[in-house]
Each structure stands twice: as C-alpha cells, then as structure tokens.
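The values are calculated or read from the model by the stated rules, or taken from the named source; none is laboratory data. Small disclaimer: the values here were computed from a predicted structure and weren't measured. All Cβ positions, even for glycine, are placed from backbone atoms using ideal geometry, and neighbour counts span all protein chains on display.
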Amino acid sequence: MNRSSSVRGFFVMLLLASLLAVAYRAGERGLADVVAQEPRYAIDRWRAGKLAPDMIKLNTMQAELHKARNLDPGNPNLLEDMGRFHAARVERGQAYDTEVRVTRQQALAWFRQALELRPTSGYAWVNVALMKFRLGEVDQEFSKSLQQTLHRSPWEPRVQLIAIELGLASWQALSDSTRQTLRAAIRSQGQWKLVNQKPMLVSLFKRYKRSDLDCLLEAEPKACGAS
C-alpha cells in the first residue's frame, strides 16, 4: 500500500468516526426528547389546572426530566422543563413561605442556565423575569430581563403580554427607560394586526388601575402615562 492510499484510508476512517459520533449524539438527543415528552405534557396540563399529581407522580416526573437532561445536558428546552416543573410545584404558593421561596429559587436557577444557552430568546428572558417577580426581587436583573423580553420577542404577543403585565405590576420600582420600553411595547401590541390585543390590554390597565395608559392604544400617538 502506497503512502497516498494510507493517507486516504486514514481520512476515510476519521470521517466514518465523525459520522458515527454525530449519529450517536443525534440518537441521544432524540431519546432525551422522547423521555421528556410525557413529563412535559404533564406539566402543561398541571399548570392549566387539568392535572393534580400526587407525590408518586411528581417524583416520577422529576426522575424522567433528570434522565432526559443527563442524555442531553446542553439542551435549553430540557433546562426550561426543569424550571417549569419547580415553578409549577409552587404556582400558588405564598412568597413568605420558606419552602416556596427555595423551590422558586431552584426554578430561577434552571431558567438562568437555559438563558445562558439561548440568550436571544424572549421566552427564556421572560421566564427569568417572571420568577424574579414571584420571588419579590424587582432589581436590576429583573429590569434587564423585562427589557430583553420586550426587545427579543416583538412578534410573540403572548410573551409580550406577560412582560407588559409584569411591568404594570412593578411600575413604581422601574426606571424611566424601562417604563418607556413598556409604553412602546403596549403601543405596538395595541396596533397588532393579526390578533386584537386591545381588549386584553384594557383589562390589564383596569386590573392595575392604569387607565391613564389607554391613550397608548389610540391611533394617533400622544404623550401619556408619564407617571
């Protein structure tokens, strides 16, 4: 066998090894998605009030999520699933309850990890903002998460509405620049062509006693809601 044949054979073997590694990795990811499918569905039903899991079910869900994450540790979807699981456990818990607070901190830690892997996702940012709010931590991280949510996902009305509600609920603690970002988002969503968002926005204004922001929904822009 001449030198050129040996070199060619080496590169062929290297290519085959690379293809096998890729196939193996894809298989792990596919298996992780299969393992996570059932607990992911259960979390959605749980948070919608259609499922009331007992402790055995909770432990099974958590074990399946950990198994999926071990198969594909760099998957932000699985990290978010872990965060959603912990958040759902204390969805209606009281902020002053120590156990509730610890569980929400665990959820926040998972959401932060997911955000590190997907920093351009408005959904990832709003998860952090929502959990910070539920922990009563309306601080710089909360404000940044809120602004990034509004900036990163202007085409996702549901995410925008969550961020807008968080902003209305924490308005007095926000900086002027964050309030301006919220006003712009309210106006943008009020003009959304695909879905009529105005009734939902008006409902939020009533809930948080901010009828002064109704003018942001008018066709002609004007200065309003300065406070």
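Identify the residue in region 95-104 that is part of a helix (DSSP H, G or I) and hydrophobic (A, V, I, L, M, F, W, C) and, among all such residues, is surrounded by the fewest Cβ atoms within 10 Å (Cβ to Cβ).
Of region 95-104, the ones part of a helix (DSSP H, G or I) are 98-104.
Restricting the remaining residues to those that are hydrophobic (A, V, I, L, M, F, W, C) gives 100, 102.
On the way: Val100: 18, Val102: 12.
It comes out as Val102.
Would you check if there is a residue in region 73-83 being under 18 Å from Ile162 (Cα atoms) and either within 12 Å of the chain's Cα centre (by Cα) or modelled with pLDDT under 95 (or both)? Quick ask: steps written out before the conclusion?
Residues of region 73-83 that are under 18 Å from Ile162 (Cα atoms), as a first pass: 80, 83.
Restricting the remaining residues to those that are either within 12 Å of the chain's Cα centre (by Cα) or modelled with pLDDT under 95 (or both) gives 80, 83.
The answer is yes, given that some residue of region 73-83 is under 18 Å from Ile162 (Cα atoms) and either within 12 Å of the chain's Cα centre (by Cα) or modelled with pLDDT under 95 (or both).
Pairs are defined by a Cβ separation below 7 Å, a sequence spacing of at least 6 or placement on different chains, a first member in region 110-132 that is basic (Lys, Arg), and a second member that is modelled with pLDDT under 95; the pairs so defined are Arg118/Pro76. Checked against (1) within 22 Å of Leu161 (Cβ to Cβ); (2) buried (at least 17 other Cβ atoms within 10 Å of the Cβ), Arg92 passes all but condition (2).
If you filter region 135-163 down to residues that are under 14 Å from the mean Cα position of the chain (by Cα) and of a type in the set (A, V, I, L, M, F, W, C), you find that the one that is surrounded by the fewest Cβ atoms within 10 Å (Cβ to Cβ) is Leu161.
So that you can scan it fast, the table gives a plain yes or no per residue for (1) at pLDDT below 70; (2) surrounded by 14 or more Cβ atoms within 10 Å (Cβ to Cβ):
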site	(1), (2)
Arg8	yes, no
Phe11	yes, no
Arg25	yes, no
Asp44	no, no
Met55	no, no
Thr60	no, yes
Leu65	no, yes
Asn70	no, no
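Every residue in region 114-134 that is out of contact with any Pro (no Cβ under 6 Å at 6 or more places or on another chain), farther than 19 Å from Arg179 by Cα and buried (at least 18 other Cβ atoms within 10 Å of the Cβ), please.
Filtering region 114-134 for residues out of contact with any Pro (no Cβ under 6 Å at 6 or more places or on another chain) gives 115-116, 119-134.
From what is left, the residues that are farther than 19 Å from Arg179 by Cα are 115-116, 119-121, 123-124, 127, 131, 134.
Within region 114-134, Leu115, Ser121, Tyr123, Ala124, Asn127, Met131, Arg134 meet the criteria.
Every test in (1) part of a helix (DSSP H, G or I); (2) farther than 30 Å from Asp54 by Cα is passed by Pro154 save one, and that test is (1). Taken over region 193-202, the criterion of being assigned to a helix (DSSP H, G or I) and loosely packed, with under 11 Cβ neighbours inside 10 Å is satisfied by Pro199 alone.
Scan region 166-182 for residues that are part of a helix (DSSP H, G or I) and either among the β-branched types (Val, Ile, Thr) or surrounded by 18 or more Cβ atoms within 10 Å (Cβ to Cβ) (or both) and jot them down. Spell out the reasoning first.
So in region 166-182, the residues part of a helix (DSSP H, G or I) come out as 166-169, 171-173, 176-182.
Across region 166-182, the qualifying residues are Leu166, Gly167, Leu168, Thr178, Thr181, Leu182.
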